[in-house]
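Below is one structure, written out as structure tokens, with a few remarks after it.
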Amino acid sequence: MNCFEDLKWRGLIKDISSPELENKLNNEKLTFYIGTDPTADSMHIGHFSSFLIATRLAKYGHKPILLVGGATGLIGDPKPSNERQMITKEQVEKNVQGLERQAKEIFGFEVVNNYDWIKNISTIDFLRDYGKYINVNYMLDKDIIQRRLESGITFCEFAYTILQGLDFVHLYEDKNVTLQVAGSDQWGNITTGIELARKKLDKELYGMTMPLVLDSNGVKFGKTEGNALWLDKNKTSSYELYQYLINSDDNCVIDYLKKLTFLTKEEIENIALEHQKQPENRLAQKALAKEVITFLHGEEEYEKALQISEALFSGNIKNLDSKDIEIGLKDVPNFEIKEELPLIDLLVNNNIASSRREAREFISAGSIMINGDKYTDENEIIGKSKALDSKLLVIRRGKKKYYIGKYI
């Protein structure tokens, strides 16, 4: 497959600004850019699919540039429902530094910051050199702006699309960028840049968007209950990322393999066939987790995530250190331990069992494991000598329920 066919097969093309773009992608070497505003000091997994498009295009000989919006981040892209809360200049600068470092380490892109050229543009110059070319009626037709008209939109947000169009024109003049790539929610901003270049420079630039990657409920991929899955392994561990990916819905996972990995069409079709035969083996989810984590964090981190996952699933945690356990079990109930206690009291006092009777039932059934060992004597004294690294008791009740006790 050529470049365009590959992207189309993977479901990575939603909008293109001109039919000519297909030929250009297949037969020319374009310089293109993809942008992100520094709303945090790390990208999250929702950014990953968009930035992988840039990596794919680079493999076909095109040149990627990542724009970090040090200027546009101070304004904020209009949200569909309400005004975006502004963040301080100091926080934006900190976030810019984090994103620049991450983009270079993970993707190897050249990184530019639009604050470097926007900071020197006066209000008068902005209005004369850019605002003059964009008609207000044109801006009102933008979907994101239309959705905000009833509730109200400030001029600050309203002008955001011109700033992004300004970026496109500047990068064309400075670096011969002729293509902007983004998620489908940025289509309106991309076309503003194309319009600005056409009117100001009499030059045709190009834009391409990809569909947003969604889960089975139609929610953006990687968006959990208020907690993004960060690409920075110090903010979201490889194990946490592994758990998210390994639990991908069967109806979505093949689509994720197409969009989020570099596996070939043949490899993905073979995985899909085997997965359909035995979905309970989660072959597709395992392939997804391996490819994504290895790309982001390296093979060693993937193997570590796999080891933690398998150990916690089996209950055989003796080969894990306390740090790995705390990573893998950071969301389980935990409690502090101040003294030695008989096993039955340990279970009841810390709500692992609701009563002494229930505790005895768990113990007699062999359902209680501590640090990987089964305990069957309700009167056995549990103290610091049994703790992992002299500080942790990992208590497993049944097959899946974990608790962590920490000695103080």
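The values are calculated or read from the model by the stated rules, or taken from the named source; none is laboratory data. Predicted model only: the values in this text are computed from it and were never measured. Backbone-built Cβ (ideal geometry, glycine too); neighbour counts: all protein chains shown. Accessible surface is based on the protein model in full, side chains and every heavy atom, while ligands, DNA and RNA are left aside. Shrake-Rupley method; radii C 1.70, N 1.55, O 1.52, S 1.80 Å.
Note on the range 35-164: Cα Rg divided by 2.2 N^0.38 Å, N the number of residues, gives 1.15.
Taking N as the residue count of the chain, its C-alpha radius of gyration divided by 2.2 N^0.38 Å amounts to 1.21. Using R₀ = 45 Å, calculate the FRET efficiency as 1/(1 + (r/R₀)^6) where r is the Cβ-Cβ separation of LYS104 and LYS399; round to 0.05. After rounding to 0.05, the efficiency reads 0.55. When GLU310, GLU303, GLU291 are compared by accessible area at a 1.4 angstrom probe, the order from most to least is GLU310, GLU303, GLU291. The simple Förster model, with R0 at 41 Å and r as the Cβ-Cβ distance, assigns ASP185 and ASN319 a FRET efficiency of 0.40.
The spacing between the range 380-408 and the range 1-47, judged by their C-alpha centroids, is 50 Å. Principal semi-axes of the equivalent ellipsoid, √(5λ) from the alpha carbon gyration tensor of the range 261-408, are 38, 18, 10 Å from largest down. Find the centroid of the Cα atoms in the range 90-160 and in the range 285-337, then give the distance between the two in whole Å. Here the two parts' Cα centres lie 39 Å apart.
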